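**Q** Before I ask anything, here is the structure I am working with.
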Amino acid sequence: MHFAIAQPQDLRLPEHGLQGVADGLWQHTCFECFVGLSGHSAYTEFNFSPSLPTGQWTCYHFSHERVRQDTGVPLSLKPRTEQGASGLHLRVQLPWSLLPAPQQAWDLGLSTVTESQDGQITHWALRHDRAQADFHHRASWMRIAAPWPNPTPTP
């Protein structure tokens, strides 16, 4: 998965060196990915904070919209954040074990929370289906058709 911001100098970014699992990342600049099987209410939310060079992350499972089933999933991800002439880039490989069955269609929501230098928060998504941004609202997500190729197991 690859997220990018073209002009990161306008954003308040996390301090360098923060890494590992952390809660509350959505309260500042972060990238979010929501994924669930089409036609099912359960889904998983991934949050990634673009701290250089590795970042913080978290993963939550939901049974229904905003009904969280856990307080985070302990996992070892290695998101890599790079800042260069083309902007800020965060790359992460998600293990297949945390994703829905590849033989079925997925609903996928990709979004970004940005915090400006003066502390103003804005919400960006593929689509906002409501007047106020709500990343958990599945009608704003996109559908990805199945079948996927057989996944390669992630160690």
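Where a number appears in this text, it was derived from the coordinates with a stated rule and is not lab data. As the structure is a prediction and not an experimental result, all values here were calculated from the model. Note that we place each Cβ from the backbone using ideal geometry, even for glycine, and neighbour counts take in every protein chain shown.
**Q** Convert 37 °C to kelvin, take the viscosity as 0.692 mPa s, use the Kirkwood radius over C-alpha pairs of segment 1-72 as Rh, and evaluate the Stokes-Einstein diffusion coefficient in µm²/s, rounded to a whole number.
**A** 247
**Q** Determine the relative contact order of the chain: mean sequence separation of Cα pairs under 8 Å and six or more apart, normalised by residue count, in whole percent.
**A** It rounds to 25 percent for the chain.
**Q** Give the longest segment of the chain that steers clear of trypsin sites (Lys or Arg not before Pro) in DSSP loops with at most 15 neighbouring Cβ atoms within 10 Å, not counting the sites themselves.
**A** Of all site-free stretches, the longest is 67-126.
**Q** Let's see if you can work this out: charge +1 on each Lys and Arg Cβ, -1 on each Asp and Glu Cβ, no other charges. What is the dipole magnitude of the chain about its Cα centre, in debye to the nearest 20?
**A** Around 360 debye, computed over the chain.
**Q** Related question: With Cα Rg over 2.2 N^0.38 Å as the read-out, I listed (i) 1.18; (ii) 1.03; (iii) 1.34; which label goes with the value calculated from this structure?
**A** Here the calculated entry is (ii).
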